[in-house]
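A quick write-up on the structure given underneath.
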């Protein structure tokens with residue numbers, strides 16, 4: 001009898017392993033209607049972690065990351081910290097010429113050459129303010145090659161660093177700084193939230209950093225300010241994107257929205273991509289938290 005039970009169990013194990021979140025048909029329909037007619041390409045991945053529900057709309061299509069590539073940069077920095085190759089509190093000297101970023105803006109660009117700043121502040125500038133000078137400094141410390149090696153090792157098939165990375169010139173011309181899929185970018189943030197990579201300390205610190213963004217006008221503007229959310233957004237002329245993990249009352253949910261080939265390349269608040277991200281975020285909050293009386297205020 002025990003052998004029969006064991007045989008039945010072994011037959012069930014593969015299906016149990018392969019089973020994952022179920023498709024939420026109603027929410028899929030709602031989001032499909034929201035993107036219908038969008039002047040460009042859209043990919044969406046949504047997952048409610050405790051309810052085991054998901055939405056997949058072109059979730060495995062490659063898109064530009066823009067500044068969302070700073071998530072894997074951050075992960076590699078913490079990987080090197082854990083290995084003892086970097087010190088999170090170490091003071092580093094800033095030299096603008098060593099970064100070779102031709103565009104102005106950002107906080108770090110106003111620093112005097114030779115001024116020292118701790119690595120933890122550089123990481124915070126990269127993630128909180130999306131400072132590109134700080135980001136390129138972190139990328140230089142981490143190296144695009146090591147970032148991509150970590151991604152391959154951990155099963156990410158589409159997410160790659162392209163800029164300033166050997167062998168990635170063709171992809172850089174097509175996707176820019178980095179490339180990813182909505183599913184994989186969401187998975188990266190999920191792995192941080194679930195302490196599934198590097199170490200508990202590293203994941204906790206990365207999540208803290210991601211939970212204090214300065215750029216909160218899009219997806220975060222549709223979530224109550226008293227609800228914690230970790231996020232990273234990105235934008236280039238024909239692509240807008242954001243990945244968010246919301247610590248909602250009903251349980252954590254995460255989503256990633258990315259566009260490409262947008263006809264609207266403006267930088268105004270009513271850009272089609274920005275409007276879409278806000279719309280998706282609002283739909284998700286109202287769907288997962290139907291009893292919430294909170295509504296976004298108008299400026």
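The values are calculated or read from the model by the stated rules, or taken from the named source; none is laboratory data. Being a predicted model, the structure only gives us computed values, none of them experimental. Neighbour counts are summed over all protein chains in view; Cβ atoms, including those assigned to glycine, are modelled from backbone coordinates with ideal geometry.
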Which condition number does residue 226 fail, the rest of (1) farther than 21 Å from residue 75 by Cα; (2) in contact (Cβ under 8 Å) with a residue 12 or more places away in the chain being met? (2)
Report the residue count in the stretch 51-86 for those that are over 18 Å from residue 276 (Cα atoms) and in a strand (DSSP E or B). 2
Regarding the stretch 39-49, can at least one residue be identified that is surrounded by fewer than 23 Cβ atoms within 10 Å (Cβ to Cβ) and within 24 Å of residue 205 (Cβ to Cβ)? yes
Of 208, 146, 164, which residue is surrounded by fewer than 18 Cβ atoms within 10 Å (Cβ to Cβ) and assigned to a loop (DSSP other than H, G, I, E, B)? 164
Which of (1) more than 16 Å from the chain's Cα centre (by Cα); (2) closer than 23 Å to residue 44 by Cβ; (3) part of a helix (DSSP H, G or I); (4) assigned by TED's automatic domain parsing to the domain that holds residue 296 is the odd one out, the single condition residue 202 does not satisfy? (2)
Inspect the stretch 130-142 for any residue being in a loop (DSSP other than H, G, I, E, B), surrounded by fewer than 21 Cβ atoms within 10 Å (Cβ to Cβ) and touching a helix residue (DSSP H, G or I) at 6+ places or on another chain (Cβ under 6 Å) and give the result as yes or no. no
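Suppose we filter 238, 219 for residues that are modelled with pLDDT of 95 or more, surrounded by 22 or more Cβ atoms within 10 Å (Cβ to Cβ) and within 22 Å of residue 42 (Cα to Cα); which single one remains? Steps first, answer last, please.
Values: 238 fails: surrounded by 22 or more Cβ atoms within 10 Å (Cβ to Cβ).
After ruling out the rest, the residue left standing is 219.
Of these, 251, 297, which one is surrounded by fewer than 19 Cβ atoms within 10 Å (Cβ to Cβ) and on the phi > 0 side of the Ramachandran plot?
On the way: 297 fails: on the phi > 0 side of the Ramachandran plot.
That would be 251, the only listed residue that is surrounded by fewer than 19 Cβ atoms within 10 Å (Cβ to Cβ) and on the phi > 0 side of the Ramachandran plot.
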Given (1) within 24 Å of residue 185 (Cβ to Cβ); (2) in contact with a strand residue (DSSP E or B) (Cβ under 7 Å, 6 or more places away or on another chain), identify the lone condition not met by residue 118. (1)
Please indicate, with yes or no, whether at least one residue in the stretch 59-81 is modelled with pLDDT under 95, assigned by TED's automatic domain parsing to the domain that holds residue 126, surrounded by 10 or more Cβ atoms within 10 Å (Cβ to Cβ) and within 27 Å of residue 188 (Cα to Cα). no
